[in-house]
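Written out below as structure tokens is the structure these notes cover.
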């Protein structure tokens, strides 16, 4: 039996209390947009916001570390990975054709906004070499992300990423 996610539990409790998104947001001193993201699969929760929501819903917030179940990521299908990653591409249609046509853009988005499992899944899906080449070609990453991946690429024996053209593009 699958355990409910935080998003599912939050939505379920809000409905049990008979509250609309706006009503709960007001009680928890947050925005309806934030609450909507939290209820719809957002994974970058703020503990302070979760505490306010728990209080507004007359609940106790419990955070725990539980060992993840091991499973073989190599057995996941391309369509499962694409469906899982769609949440990171909210402003556009993300599908297999987009991934094949714009791998660098997809890799950049997953590196900047995804979780470790997303990076692993994408690497398996694309293949290690194509994934690393796409990382290498990513020039518009944040400084922290770029620094991290420069270290990883060095360990892989690959030259570092090109310097970001962000300042050049924005200043022109």
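The table below lists the values:
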read-out: All positions within the stretch 146-157 that are crowded, with 17+ Cβ neighbours inside 10 Å and in contact (Cβ under 8 Å) with a residue 24 or more places away in the chain; value: 149
read-out: Count - residues of the stretch 21-49 that are more than 23 Å from residue 117 (Cα to Cα) and touching a helix residue (DSSP H, G or I) at 6+ places or on another chain (Cβ under 8 Å); value: 14
read-out: Entirely in the stretch 57-172, the helices (runs of 4 or more DSSP H) that have 1 or more residues that are within 21 Å of the chain's Cα centre (by Cα) and at pLDDT 85 or above; value: 78-85, 96-101, 103-113, 116-126, 128-137
read-out: Of all residues in the stretch 9-20 being assigned to a helix (DSSP H, G or I) and touching a helix residue (DSSP H, G or I) at 6+ places or on another chain (Cβ under 8 Å), the one that is surrounded by the fewest Cβ atoms within 10 Å (Cβ to Cβ); value: 11
read-out: Odd one out for residue 34 among (1) modelled with pLDDT of 85 or more; (2) at positive phi; value: (2)
read-out: Lone unmet requirement of (1) touching a helix residue (DSSP H, G or I) at 6+ places or on another chain (Cβ under 9 Å); (2) within 22 Å of residue 142 (Cα to Cα) for residue 84; value: (2)
read-out: Residue list for the stretch 38-51, filter: assigned to a helix (DSSP H, G or I) and surrounded by fewer than 17 Cβ atoms within 10 Å (Cβ to Cβ); value: 47, 48, 49, 51
read-out: Residue 90 assigned by TED's automatic domain parsing to the domain that holds residue 140 and closer than 30 Å to residue 147 by Cα; value: yes
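The values are calculated or read from the model by the stated rules, or taken from the named source; none is laboratory data. Everything quoted here is computed from the prediction, not taken from an experiment. Glycine gets a Cβ as well: all are built from the backbone with ideal geometry, and neighbour counts include every protein chain shown.
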